[in-house]
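The values are calculated or read from the model by the stated rules, or taken from the named source; none is laboratory data. Because the structure is a prediction, the values reported are computed rather than measured. Cβ: placed from backbone, ideal geometry, glycine included. Neighbour counts: every protein chain shown.
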Amino acid sequence: MDSAEYEAKIASRFAAFDQDGSGYIDREDFSGAAAALLAEFGTTARSDKGQALYSGAEAFWQGMAGIADVDGDQRVSRQEFVTGAVKRLRDNPERFAEIARPFLHAAIAVADEDGGGVTPDAARRALRVLGVGEEAAVRVARDLDVDGDGRIQEAEILTGLAGYYVTPEP
């Protein structure tokens with residue numbers, strides 16, 4: 001994949017973060033994603049899991065802003081996202097996944113309804129809430145269960161997240 005194709009693919013990921021369609025990624029996009037996940041899984045914001053998810057969303061936002069908010073206006077434009085993500089991912093694709101770890105860890109706790117790991121159906125539901133289309137959500141949820149045990153663990157999700165940003169498909 002050449003540089004222009006890579007940047008175009010990264011730019012296509014921008015919309016997934018811009019939850020409210022404002023044209024920017026900001027703190028509200030992350031807190032909105034947390035609220036939507038809590039609602040989907042019937043978890044209250046005041047619960048330990050809810051508080052952990054909001055804290056994880058804030059950490060994810062801070063990590064995103066740290067790598068991409070070049071002008072310091074507390075929002076990430078599409079161009080800032082493309083520039084920041086491409087710069088970081090070229091060096092180490094797992095680095096981007098690491099800024100997502102607190103949010104993902106808390107989201108897994110919310111979606112793991114019985115303590116045995118996230119089921120592919122719960123992963124599909126979470127992905128749908130976060131704006132992924134139904135077909136893609138089904139495919140991704142199935143593919144995240146790398147070891148085929150019917151449960152998706154944090155390591156599998158982090159690997160999948162990094163792969164999402166470096167695979168050639170749109």
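Output yes when any residue across segment 83-96 is in contact with a helix residue (DSSP H, G or I) (Cβ under 7 Å, 6 or more places away or on another chain), within 27 Å of GLY150 (Cα to Cα) and either of a type in the set (Val, Ile, Thr) or at pLDDT 90 or above (or both), and no when none is.
No.
Give the number of residues within segment 149-159 that are of a type outside the set (D, E, K, R), modelled with pLDDT of 90 or more and either over 21 Å from ALA34 (Cβ atoms) or surrounded by fewer than 17 Cβ atoms within 10 Å (Cβ to Cβ) (or both).
1
Regarding segment 35-44, can at least one residue be identified that is out of contact with any Cys (no Cβ under 9 Å at 6 or more places or on another chain), at pLDDT 95 or above and among the aromatic types (Phe, Trp, Tyr)?
Looking for residues that are out of contact with any Cys (no Cβ under 9 Å at 6 or more places or on another chain), at pLDDT 95 or above and among the aromatic types (Phe, Trp, Tyr), one finds at least one in segment 35-44, hence yes.
For GLU58, which of the numbered conditions (1) closer than 14 Å to ILE25 by Cβ; (2) of a type outside the set (Ser, Thr, Tyr); (3) modelled with pLDDT under 95; (4) under 15 Å from the mean Cα position of the chain (by Cα) fails to hold?
(3)
Just the residues that are at pLDDT 90 or above and not in a helix (DSSP H, G or I), please, taken from segment 114-144.
Listed by number, the residues that qualify are VAL118, THR119.
Between residues in segment 55-66 that are of a type in the set (A, V, I, L, M) and residues that are outside any helix (DSSP H, G or I), which pairs lie under 9 Å by C-beta distance while being six or more apart or on different chains?
Final answer for the pair search is MET64/ILE25; MET64/VAL76; ALA65/ILE25; ALA65/ASP26; ALA65/GLY72; ALA65/GLN74; ALA65/ARG75; ALA65/VAL76.
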